[in-house]
Each structure stands twice: as structure tokens, then as C-alpha cells.
Amino acid sequence: MNDKVLLLNQDYSAIATCSLHKAFVLIYLQKAELIAEDQLNVLRTVRQSFPRPLVIRLHRYVRMPYKGISLTRQNIMRRDRNQCQYCGSTRNLTLDHMVPRSRGGESTWYNLITACARCNSKKGDRTPEEVSMKLSRKPYKPSLVSFLRDSIQDTDHVWIPFLAERARA
């Protein structure tokens, strides 16, 4: 049980994804209700079958102060779709400071990008403009909704209406 389930607050706003196991436990303990289920698959025990959740909603409202997406290596690579932003490679990926740290470049969403080891080495201690390297996409700070949308798998098309509601709010 390692599939992801969309977790909604009491007001139907998307707040996170959780594991299938955690979603089942929340439903079983009556802390959440099932909003959307997988029509093709079920969860089975020795004696019972249960619907496999795709979207659940908490019974109580959870106040969640928005802190933004954490600036981590994994999140930078996820934002950049695990591709080098210079050549598009998906192998030997590292993080690159567009403005090198030795020149005062900071570790921010707008200065860090995913780069393959070859392009990172070629760029070295210079800016992309100095070595005529073009970015495929300008770095940006992602939102919670964009991260949740990127988590959508083929079977999770049922998440889309809930994420669209959050985007409009």
C-alpha cells in the first residue's frame, strides 16, 4: 500500500497527499470520510473488502498556516521534472546555483536549478550567460496546488476538480 490519496480539509480544500494506508486508517477511525473511490480495485482483508480511497475529507477542520513548499533538493528536482534545465538529460542530476555561491548567489527557488553533472561542470563558477548556456525554463517558486497537480497519476484524474477549487480560492 504505497499509492497516494488526496487529503481534503473539512471545507474541501486540498491540504496534502497521504499514503493509502494512512487514508484507510483515517476512514476506519472515523476521522475522515470517503469522497472518491477506485471503481476497479478494492482493499481486502481475510474476511472483508473495503473501497480503495482516492480522495478523503477530514471530519474536523484543520487550521493549516501556509508556509509554502520547503526548499529541498528533492523539491527542486520535482519542480524541474527531474531534467537538466540546460540539456534536458535525466541522468546524473545535481543542483546548480545560477549565480554561483562564490559570487554571492543564495540558495533560493529563483537561483537553484536541476542540472546534469556534465552541464554543471561545463558552467563551473560562472553564470549561464557567461558560457552561453540557455535554460529550458526560468526557475520559479512552486505553489502547493502545482505540487499536488504534479502528483496526479493516470488513475488520479478524480483529484482535478478539488485542485481547481483551491486554485480559484
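The values are calculated or read from the model by the stated rules, or taken from the named source; none is laboratory data. Quantities reported herein were computed from a predicted structural model and do not represent experimental measurements. Here the Cβ positions follow ideal geometry from the backbone for every residue, glycine too, while neighbour counts run over all protein chains shown. All accessible areas refer to the heavy atoms of the entire protein, side chains included, with ligands and DNA or RNA removed. Shrake-Rupley method; radii C 1.70, N 1.55, O 1.52, S 1.80 Å.
General remarks:
- Every residue from region 47-91 that is open to solvent by 40 Å² or more (accessible area, probe 1.4 Å), within 21 Å of the chain's Cα centre (by Cα) and not charged (D, E, K, R): V62, M64, P65, Y66, S70, L71, T72, Q74, N82, Q83, T90
- Restricting region 104-150 to residues that are outside any helix (DSSP H, G or I) and small (G, A, S), the residue that is surrounded by the most Cβ atoms within 10 Å (Cβ to Cβ): A115
- Test for V42: is it over 30 Å from Y12 (Cβ atoms) and either modelled with pLDDT of 95 or more or open to solvent by 50 Å² or more (accessible area, probe 1.4 Å) (or both): no
- Region 5-21 - residue that is open to solvent by 10 Å² or more (accessible area, probe 1.4 Å) and among the small types (G, A, S) and, of those, farthest from H59 (Cα to Cα): S19
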